[in-house]
Amino acid sequence: DFHNVLSFVLHYYNANSHNSFVLSSRLNTPNLTMILRNLETKVYTIDDLKIADVELYFNSLNNVEKSRKFTDIKCANATFLDDITDIFSAVLLSESITQIDDKTTKVDLIKLNAEQRIEKHSKLVLINLPEPKVLSITSILASVSEKMQRSGIISISRSELQETISNQFPNCSYLEIDHIMDVICEIFFDVSPIQELQVRYSYKHKRYFEF
């Protein structure tokens, strides 16, 4: 939770027990405004990654197959690589590069990676959802994202997430809904406690929200 992080930093900042702190933030977030309002800062802007930067990252992996695939994509689908402008996207690309081709878009990449994370989750077999469970979970996520976009919010409450799952899968019991929430949250959401027994869920990364 950002407010907890800021309180932690302010505590040590005001105590003069540290020479400096390094905080990173997206440019278009209210969190940045709060940082600038509460701390004396030096602001540095991190430029978007270029194809050469992403290539350097792939070379550092020391994986011949992935490096070769990156070279193939650079020749056949350079427009796609132009969209890989941040570290998170570069990591997603490295995880899924052997499964993409010259027609892949960034949205395809995020979708592929999200589905892979769901399929590999150890608790997937334990939850009660229609097969294919990957599609059932992505359907829930689509509803959550739609609700956030429609309401102009970046997080939802526990009860809202429970209601979203219940509306789509009314045959699930309360316990089964909680098990589904556990899996979804472990993969995609950060959990922020508001007060006792109350939490809110926000996407771990904006890219998943956009997907």
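Read-outs throughout are calculated quantities, based only on the coordinates presented, and are distinct from any laboratory measurement. Model, not experiment: these values are computed from the prediction. Backbone-built Cβ (ideal geometry, glycine too); neighbour counts: all protein chains shown.
Structural remarks
- Our coupling estimate for segment 133-148, obtained by passing each phi through the Karplus curve with A = 6.51, B = -1.76, C = 1.60 and θ = phi - 60°, is 5, 4, 5, 4, 6, 5, 5, 4, 4, 4, 5, 5, 5, 4, 4, 4 Hz, Gly and Pro reported as x.
- Ellipticity at 222 nm from helices only: DSSP H runs of n ≥ 4 in the chain, each -39500 (n - 2.57), divided by the residue count, give -18000 deg cm²/dmol.
- For LEU126, net neighbour charge (Lys/Arg +1, Asp/Glu -1) across residues whose Cβ lies under 11 Å away: 0
- Too-long pairs where the Cα-Cα distance tops 25 Å, listed order kept, from LYS106/LYS133; LYS133/LYS206; LYS69/LYS204: LYS69/LYS204
- Scanning residues 5 or more positions from ARG200 or on other chains, those with amide H under 5 Å from its amide H are SER192, ILE194, with H placed 1.01 Å from N in the peptide plane.
- 5 angstrom amide H check on LEU49, placed H, neighbours 5+ away: ASP86
- ASN31 versus LYS74: modelled label distance in nm, points set 7 Å from Cα along the beta carbon direction: 3.2 nm
- Shape class of the chain from the alpha-carbon gyration tensor: oblate, with a/c at 1.5 or above and b/c at least as large as a/b.
- Linear extension gain, ASP178 paired with VAL9, 0.36 nm per residue minus alpha-carbon span: 57.5 nm
- Taking a ≥ b ≥ c as the square roots of the eigenvalues of the alpha-carbon gyration tensor, segment 128-211 is classed oblate because a/c is 1.5 or more while a/b is no larger than b/c.
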